[in-house]
Amino acid sequence: MHQLVFAVVLSVIGLGSAGTALAVQPAPDGLDPVEPYLAFEDGPVLIDNVLVLDGAGGPAQSGMSVWLEDGRIVRLAPSGAIEAPAGVRVIDGTGRTLIPGLVGAHDHTHMPGAPMLQRAASRLYLAGGVTSIRTVGAASPMADLAMARAAETGSALSPRVATSAPYVSGPGDAPVMVQPASEDEARAFVRRWAETGVGWIKLYRRVEPHIAAAVIDEAHAHGLRVAGHLCSLTFEEASELGIDTIEHGLVSASDFLADKPEGECIGGTVPNMAHVEADSEAAQRVFATLVENGTALVSTLAIVESRFAHRYQGEARIVRYLAPAFREGYEARQAQLQASDNEPDASFVNALAFERAFFEAGGLLAAGLDPGRHNLPGFGDQRNYALFLEAGFSPIEALQVMTLNGARVIGREDELGSVEMGKRADLVLLEGDLLTDPNAITRPVLVFLNGRAFDPAALLEGLEGQVGLQ
């Protein structure tokens, strides 16, 4: 949702325009091996006497045993009902909560000014309990594809990745973004990227409506899906065109701007947030359109919050991972925020209410962090949980948004996103009771990816001062 730095797209993959030939990046050597970060050797595991929150909206189950083997959840039963077979490692879950791995549905592997973050991002996401991400627009798409392969095969350290092509925008946007000159160019762009194996195309703020329509139509014809950070298009217009997901919630909704020229991106969306009521007829009409068309909304509350001076602005446990130049930028930004009037708090209150109202209207709401500022991979995903609670979601609902709903967005709900027998063992063991202690989300003890147990402390070790150096 911020202006992105994409020089790497030009220099590495040669895509200055939709008509430029595709150059393939080599697989990145910037991923770490798996073994140094494992908590223990691979093998069957029994987590005993643990509180289970299934991520599917089901009731909390206390005193449960969960058996993991061959990368799957083999069995769930009350504690004592499963006799641990020989060779099964038993983990005491007393005082702990087991949840599905978080699915970051808007979780890039770049930040503004740092396009290549694959190594650091992989470690931060997993340490934060994020086992799957959707990149939603890529600065290094071929490297992200290599991450996706590594995660599925276990050949290198990475969360699972739902990949995407470079951003598609329109006249007046950053010149390194792809700006098709015609519908034919837009369709050709989609076809070339479909051949690489990416799953998503991202429409950006200034995309022209006829180009957006061509991209969506061609993407669907090739089995790809389309996301949008909107401005030139309203939510209703994009939904009627068949877009699959809309990003960022109220902050990118131009539906409520008075006298908005059709097909044009104009300023004023953020200040206007203070005047949008989630229970208004206009908002409810937007929700109804999205629900009817099956358009999901992907929340990025953690990055939206960072715009507001008197809201949470990070803390020492997070900021210490920033590279020196980024740390200096963070400190300068904090001084600037405190000295400014900033947007009124009503804007963020309405952003919270907007997403809650969409959820209550039956919409599919998922969540991601959109890395930037102090909002780092993993940490920002965790922050979203507290923000959903503030918006009025119950712990069960908030977790569903952050897990199974994200799996639905990426099309993997049959195998990911909930604690159910037969599903992939992508899980997080938290210290504490997440129902009564929201901060438990920040205390992963073990993170399981495909049944392999990772040590969050080991994943974070050595990253201090490194994020932004790649």
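The values are calculated or read from the model by the stated rules, or taken from the named source; none is laboratory data. Here the structure is a predicted model, which means the values were calculated and not measured. FYI the Cβ positions are ideal-geometry reconstructions off the backbone, even for glycines, and counts take in every protein chain you see.
Only one of the numbered conditions (1) crowded, with 19+ Cβ neighbours inside 10 Å; (2) closer than 19 Å to residue 406 by Cβ is violated by residue 350, and that is (2).
When 465, 451 are screened for being crowded, with 19+ Cβ neighbours inside 10 Å and either within 27 Å of residue 112 (Cβ to Cβ) or of a type in the set (Gly, Ala, Ser) (or both), only 451 passes. Would it be correct to say that residue 281 is within 27 Å of residue 225 (Cβ to Cβ), out of contact with any strand residue (DSSP E or B) (no Cβ under 7 Å at 6 or more places or on another chain) and free of Cβ contacts under 8 Å to residues at least 40 places away in the same chain? For residue 281, the condition - within 27 Å of residue 225 (Cβ to Cβ), out of contact with any strand residue (DSSP E or B) (no Cβ under 7 Å at 6 or more places or on another chain) and free of Cβ contacts under 8 Å to residues at least 40 places away in the same chain - is not met.
Scanning region 279-338 for residues that are among the small types (Gly, Ala, Ser), touching a Lys or Arg at 6+ places or on another chain (Cβ under 7 Å) and part of a helix (DSSP H, G or I) gives a single hit, 302. The set of residues in region 27-55 that are aliphatic (A, V, I, L, M), out of contact with any Asp or Glu (no Cβ under 7 Å at 6 or more places or on another chain) and assigned to a loop (DSSP other than H, G, I, E, B) comprises 27, 31, 34, 53. Taken together, 63, 14, 19 contain a single residue that is at pLDDT below 95, at positive phi and over 23 Å from the mean Cα position of the chain (by Cα), which is 14.
When every residue of region 452-468 is checked against the conditions, none turns out to be more than 19 Å from residue 302 (Cβ to Cβ) and among the β-branched types (Val, Ile, Thr). Within region 150-163, residues that are farther than 16 Å from residue 30 by Cα and modelled with pLDDT of 95 or more have Cβ atoms under 6 Å from residues that are of a type outside the set (A, V, I, L, M) and surrounded by fewer than 24 Cβ atoms within 10 Å (Cβ to Cβ) in these pairs: 162/199; 163/199, counting only partners at least 6 apart in sequence or on another chain. If you go through region 349-386 and keep only what is within 13 Å of residue 296 (Cα to Cα), under 16 Å from the mean Cα position of the chain (by Cα) and in a helix (DSSP H, G or I), you end up with just 355.
Scanning region 208-245 for residues that are within 23 Å of residue 171 (Cβ to Cβ), small (Gly, Ala, Ser) and part of a helix (DSSP H, G or I) yields 212, 213, 214, 219, 238.
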